[in-house]
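The values are calculated or read from the model by the stated rules, or taken from the named source; none is laboratory data. Here the structure is a predicted model, which is why all the values come from computation and not from measurement. Glycine gets a Cβ as well: all are built from the backbone with ideal geometry, and neighbour counts include every protein chain shown.
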Amino acid sequence: MDIELSAEDLAFRDEVRAFFKENAYKPGKDYAEWRLDWFKKAREKGGWDVPKWPKEFGGPGWSPTQHYIWEQETARATLPWDMPFGVGMVAPIIMGYGNEEQQERFLPDIRARTVNWCQGYSEPGAGSDLASLKTKAVLSEDGSHYVVNGQKIWTTAAHIADWMFCLTRTDDSGKKQEGITFLLIPMDQEGIEVKPIITLGGNHTVNTVYLTDVKVPVENRIGEEGKGWTYAKGLLQHERTGLAGLSRSLVALEGLKENARSVPRGNGDLMDEPSFRAKVAELEIDLLAAEYTELRSLASAQAGAAPGPESSILKLKGTEIQQRIQKLTMEAAGPFAAAWGDKPAGPKFAKGGTGGYLASRAYTIYGGASEVQKDVIAKNVLGIKRSSR
Amino acid sequence: MNFELSDEQKLIGESVERFIQDNYDLESRRKLADQEPGFSKDHWATMAELGWLALPFAEEHGGFGGNQIDAMVVMEQFGRGLVLEPYLASVVMGGGAVKRGASAALAGEIVPGIVDGSRQLTLACTEPQSRFDLHDVTTTAKASGDEFVINGHKSMVLHAATATQIVVSARTSGGQIDRDGISLFLVDADAAGISRQDFPTVDGLRASEIDFKDVKVDASRLLGEVDKGYEILTAVANDTVLALSAEAVGIMEKLYKNTVEYTQERVQFDHPLAEFQVLQHRMVDMFVEYEQCKSLLYRATLETTQGDPETAQRTVHALKHLVGKSGIFIAENAVQLHGGMGMTEELAVGHYFKRMLVIDSQFGNADYHLEKFAA
């Protein structure tokens with residue numbers, strides 16, 4: 001066991017830092033143009049635009065340590081806006097289970113960030129129990145396309161997406177995990193209607209998507225009909241690892257401390273108050289441990305194997321940590337936590353503090369609720385046979 | 001020993017409950033909260049008509065001579081309905097300071113207006129740096145002949161945009177955090193030198209930042225003695241904490257009950273969620289915390305009306321701590337157990353949650369009162 005970074009790793013870290021610094025956004029620049037250019041330059045570095053992609057698809061083939069360094073550095077730098085649905089989520093499925101033609105058709109645009117994706121999984125009746133989904137896809141008589149009918153919900157970014165990867169039911173005669181088919185659907189297709197859902201933070205990020213007689217060419221099916229659940233399950237593991245956000249939390253914790261220090265209390269500041277300081281310390285301790293849980297899981301996945309059940313631990317712990325940071329930020333605002341919107345007073349950080357806390361309550365709900373993560377750990381890690389309830 | 005409400009109190013409770021059933025469905029509340037002034041003037045008139053605005057005031061001024069138990073009955077129902085009208089600000093806070101500190105002449109002038117709803121009061125006692133310490137006051141009031149001149153800034157003043165009078169805490173002597181040297185003044189909201197910035201709060205209510213620049217107030221509008229305002233302020237704060245806590249208990253009841261109801265309807269994995277033992281236990285925890293808060297609410301309220309003031313003060317701290325801690329525990333879990341639906345503006349849980357957060361941020365959060373209790 002060894003925690004020292006090697007000379008090569010240190011050199012890599014410096015290279016990453018230099019790249020971020022060199023290509024940082026400069027005020028006045030056209031953001032959209034800069035964004036696409038940033039990814040192009042990252043690509044020229046040898047796959048830095050798609051760090052987690054396998055080498056044969058253009059990824060950098062980094063060691064776990066290099067991935068860790070990248071995560072650390074990205075949390076501190078301001079990277080261009082990017083959503084996980086394309087590069088992080090649908091791309092691994094297309095690589096793993098799509099045919100060559102599909103890989104050629106979809107991966108380049110995903111990689112260039114010129115196309116936005118959304119995830120059509122949850123339905124009103126299928127949340128934690130995702131496999132009970134009912135959106136129906138019926139193959140046309142001539143076998144050329146599916147006709148899709150149903151409703152998806154909590155679809156993040158559906159209102160700005162060009163494509164949706166979608167779980168549909170093609171067979172309901174057997175076990176519910178069977179008979180699910182993975183389709184790629186263009187959002188401008190006739191019969192798709194997107195309606196916003198306003199969440200507690202007052203934001204519009206999620207939507208309801210109604211699909212009425214939407215025609216999807218059979219070429220847009222990934223893998224075999226009825227095998228979509230198997231493909232999606234692998235992806236869920238990817239999603240969960242990404243949701244832990246530990247590097248970002250480390251940076252956010254620093255921000256929290258700084259903010260608390262800016263709140264005067266008597267001769268000192270809020271960090272001098274024992275109860276507040278203790279809560280920040282407890283948070284930091286959990287974060288120190290979680291960071292090593294992540295490193296251990298990274299190291300064990302060295303061979304490039306898919307993330308295992310330990311990703312559930314990370315999602316569980318990581319999202320809880322994010323929520324606690326938001327909660328303490330809200331508490332630090334004191335009486336100003338009650339103010340909403342563009343308020344004229346209170347500490348600067350309090351702006352959005354309560355909105356951020358409210359939004360953070362979803363972290364333990366989406367991507368597999370904490371209760372579901374615990375079921376996964378009980379079953380797959382502890383080996384406990386599931387009781388009927 | 002008797003935890004039964006009096007017949008009169010039961011009648012008030014039932015009348016508030018009926019009012020909420022008839023007027024406070026979620027959709028109507030959202031409409032009111034979304035447009036100015038953020039509540040219904042008609043509801044306000046109804047509250048005056050039904051005598052709720054009169055509860056704590058002396059009979060000679062048109063009041064009912066009620067106590068904190070009466071306020072508790074009203075506020076618990078207000079919590080269940082998420083009522084928007086400025087009852088707390090006008091009757092409990094501003095009115096509470098007038099009740100305790102106004103001369104007979106001033107009370108005779110002001111209280112009948114509070115009671116009939118034509119006057120609406122509020123209390124300005126928070127400053128940018130004060131956090132929850134009511135004795136941290138930098139706003140000054142300087143005597144000048146028969147007047148005082150007020151200068152300073154007050155933060156998060158509830159419902160100031162619609163208030164007719166504002167009770168302001170200001171320093172007449174002493175250093176920034178001295179308990180002595182604070183005086184309370186009843187200032188007309190439209191007095192020269194007052195400028196406001198109004199904004200909504202997280203729960204859909206309204207608040208303002210207020211600047212006082214050379215605001216002149218007649219010495220007859222002093223509440224209590226000069227330099228001795230902190231005592232009144234503390235008493236008003238205690239009443240406010242009791243009222244907020246009663247409201248919170250009403251909210252907690254709705255949160256746990258809505259969650260039990262929802263999990264019995266929502267089917268996942270071929271079973272209603274409520275059949276999963278882990279969720280049952282969570283809901284039992286929510287229920288237990290609610291009952292504990294209710295017990296402490298009774299204890300603090302009864303001790304305040306009948307007990308030794310020092311003991312009562314300590315229990316009030318205990319109450320606000322528990323209400324903040326358990327209220328947010330219950331609210332967070334209500335949202336968690338409602339899943340994605342709990343995160344939307346469509347269901348009541350989210351709105352109860354937001355009000356719970358605001359209650360914790362007012363007159364001392366859970367941490368603040370824990371330290372006061374332990375001190």
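Among residues of segment A:1-21 that are in contact (Cβ under 8 Å) with a residue 12 or more places away in the chain and closer than 16 Å to A:Phe39 by Cα, those with a beta-carbon under 7 Å from a residue that is assigned to a helix (DSSP H, G or I) and not aromatic (Phe, Trp, Tyr) at least six positions away or on a different chain give the pairs A:Val16/A:Ile69; A:Val16/A:Glu73; A:Arg17/A:Glu73; A:Phe20/A:Glu73. Within segment B:47-55, the presence of at least one residue that is modelled with pLDDT of 95 or more, crowded, with 22+ Cβ neighbours inside 10 Å and touching a His at 6+ places or on another chain (Cβ under 9 Å) is confirmed. Have a look at B:Ala71, B:Ala58, B:Ala107 and point out the one that is modelled with pLDDT of 95 or more, surrounded by fewer than 24 Cβ atoms within 10 Å (Cβ to Cβ) and touching an Asp or Glu at 6+ places or on another chain (Cβ under 9 Å). Exactly one of B:Ala71, B:Ala58, B:Ala107 is modelled with pLDDT of 95 or more, surrounded by fewer than 24 Cβ atoms within 10 Å (Cβ to Cβ) and touching an Asp or Glu at 6+ places or on another chain (Cβ under 9 Å), namely B:Ala107. Residues of segment A:145-191 that are farther than 27 Å from A:Ala369 by Cα, in contact with a Lys or Arg (Cβ under 9 Å, 6 or more places away or on another chain) and in a loop (DSSP other than H, G, I, E, B): A:Gln189, A:Glu190, A:Gly191. Reported count of residues in segment B:181-198, each being loosely packed, with under 14 Cβ neighbours inside 10 Å and either of a type in the set (S, T, N, Q) or closer than 19 Å to B:Gly229 by Cβ (or both), is 1.
When segment A:192-205 is filtered for residues that are part of a strand (DSSP E or B) and either in contact with a Gly (Cβ under 6 Å, 6 or more places away or on another chain) or more than 9 Å from chain B (Cβ to nearest Cβ) (or both), the ones remaining, listed by number, are A:Ile192, A:Glu193, A:Val194, A:Lys195, A:Pro196, A:His204, A:Thr205.
Going by the structure shown, is A:Gly356 out of contact with any Cys (no Cβ under 9 Å at 6 or more places or on another chain), away from chain B (no Cβ under 11 Å), within 22 Å of A:Trp154 (Cα to Cα) and surrounded by fewer than 22 Cβ atoms within 10 Å (Cβ to Cβ)? The answer is yes for A:Gly356. B:His317 meets all of the listed conditions (1) over 17 Å from the mean Cα position of the chain (by Cα); (2) more than 14 Å from B:Ile251 (Cβ to Cβ); (3) within 14 Å of another protein chain (Cβ to nearest Cβ) but one, namely (1).
Yes/no per residue for (1) of a type in the set (S, T, N, Q); (2) away from chain B (no Cβ under 14 Å); (3) closer than 30 Å to B:Asp203 by Cβ; (4) surrounded by 14 or more Cβ atoms within 10 Å (Cβ to Cβ):
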{"position": "A:Gly143", "(1), (2), (3), (4)": "no, yes, no, no"}
{"position": "A:Ile153", "(1), (2), (3), (4)": "no, no, yes, yes"}
{"position": "A:Met187", "(1), (2), (3), (4)": "no, yes, no, yes"}
{"position": "A:Leu211", "(1), (2), (3), (4)": "no, yes, no, yes"}
{"position": "A:Thr230", "(1), (2), (3), (4)": "yes, yes, no, yes"}
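Residues that are away from chain A (no Cβ under 14 Å), closer than 16 Å to B:Met341 by Cβ and in contact (Cβ under 8 Å) with a residue 40 or more places away in the chain were ranked within segment B:248-287; the one that is surrounded by the most Cβ atoms within 10 Å (Cβ to Cβ) is B:Lys254. Against the list (1) in contact with a Pro (Cβ under 6 Å, 6 or more places away or on another chain); (2) surrounded by fewer than 15 Cβ atoms within 10 Å (Cβ to Cβ), the condition A:Trp38 fails is (2). For A:Gly334, are the conditions met, namely being more than 8 Å from every other protein chain (Cβ to nearest Cβ) and under 26 Å from B:Pro128 (Cβ atoms)? Answer is no for this residue. Here B:Ser326 qualifies as over 20 Å from A:Ile153 (Cβ atoms) and either more than 9 Å from chain A (Cβ to nearest Cβ) or touching a strand residue (DSSP E or B) at 6+ places or on another chain (Cβ under 6 Å) (or both).
Of the residues contained in segment B:90-113, one or more are found to be under 20 Å from the mean Cα position of the chain (by Cα) and among the polar types (S, T, N, Q). Count of segment B:329-345 residues, restricted to those that are within 8 Å of another protein chain (Cβ to nearest Cβ) and surrounded by fewer than 24 Cβ atoms within 10 Å (Cβ to Cβ), is 6.
Take A:Ala345 and tell me if it is surrounded by 22 or more Cβ atoms within 10 Å (Cβ to Cβ) and over 30 Å from B:Val278 (Cα atoms). Considered against the rule, which asks whether it is surrounded by 22 or more Cβ atoms within 10 Å (Cβ to Cβ) and over 30 Å from B:Val278 (Cα atoms), A:Ala345 comes out as no. With respect to the conditions (1) modelled with pLDDT of 95 or more; (2) part of a loop (DSSP other than H, G, I, E, B); (3) acidic (Asp, Glu), A:Glu219 lacks only one, and its number is (2).
For segment B:180-232, what are the residues that are in contact (Cβ under 8 Å) with a residue 12 or more places away in the chain, more than 20 Å from B:Glu147 (Cα to Cα) and away from chain A (no Cβ under 14 Å)? Answer for segment B:180-232, where residues must be in contact (Cβ under 8 Å) with a residue 12 or more places away in the chain, more than 20 Å from B:Glu147 (Cα to Cα) and away from chain A (no Cβ under 14 Å): B:Asp180, B:Tyr230, B:Ile232.
Note on segment A:258-280: residues that are over 30 Å from the mean Cα position of the chain (by Cα), in contact (Cβ under 8 Å) with a residue 60 or more places away in the chain, in a helix (DSSP H, G or I) and more than 11 Å from chain B (Cβ to nearest Cβ) amount to 0. Only a single criterion out of (1) without any contact (Cβ under 8 Å) to a residue 40 or more places away in the chain; (2) touching a strand residue (DSSP E or B) at 6+ places or on another chain (Cβ under 7 Å) is not satisfied by B:His135, namely (1).
What number of residues within segment A:15-29 satisfy the criterion of being of a type in the set (D, E, K, R) and loosely packed, with under 10 Cβ neighbours inside 10 Å?
To start, the set of residues in segment A:15-29 that are of a type in the set (D, E, K, R) comprises A:15, A:17, A:21-22, A:26, A:29.
Among the residues that remain, those that are also loosely packed, with under 10 Cβ neighbours inside 10 Å are: A:21-22, A:26.
So the count comes out to 3.
Selection of segment A:362-373 for residues being out of contact with any strand residue (DSSP E or B) (no Cβ under 9 Å at 6 or more places or on another chain), in a helix (DSSP H, G or I) and at pLDDT 90 or above yields A:Tyr363, A:Thr364, A:Ser370, A:Glu371. Taken over segment B:1-35, the criterion of being within 20 Å of the chain's Cα centre (by Cα) and more than 19 Å from B:Glu247 (Cβ to Cβ) is satisfied by no residue.
Yes or no, residue by residue, for (1) more than 30 Å from A:Gly356 (Cβ to Cβ); (2) free of Cβ contacts under 8 Å to residues at least 60 places away in the same chain; (3) among the polar types (S, T, N, Q):
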site: A:Ile160; (1), (2), (3): no, yes, no
site: A:Gly179; (1), (2), (3): yes, yes, no
site: A:Gly191; (1), (2), (3): yes, yes, no
site: A:Thr205; (1), (2), (3): no, yes, yes
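Within segment A:105-138, the set of residues being in contact with a helix residue (DSSP H, G or I) (Cβ under 9 Å, 6 or more places away or on another chain), in a strand (DSSP E or B) and more than 14 Å from chain B (Cβ to nearest Cβ) comprises A:Trp117, A:Cys118, A:Gly120.
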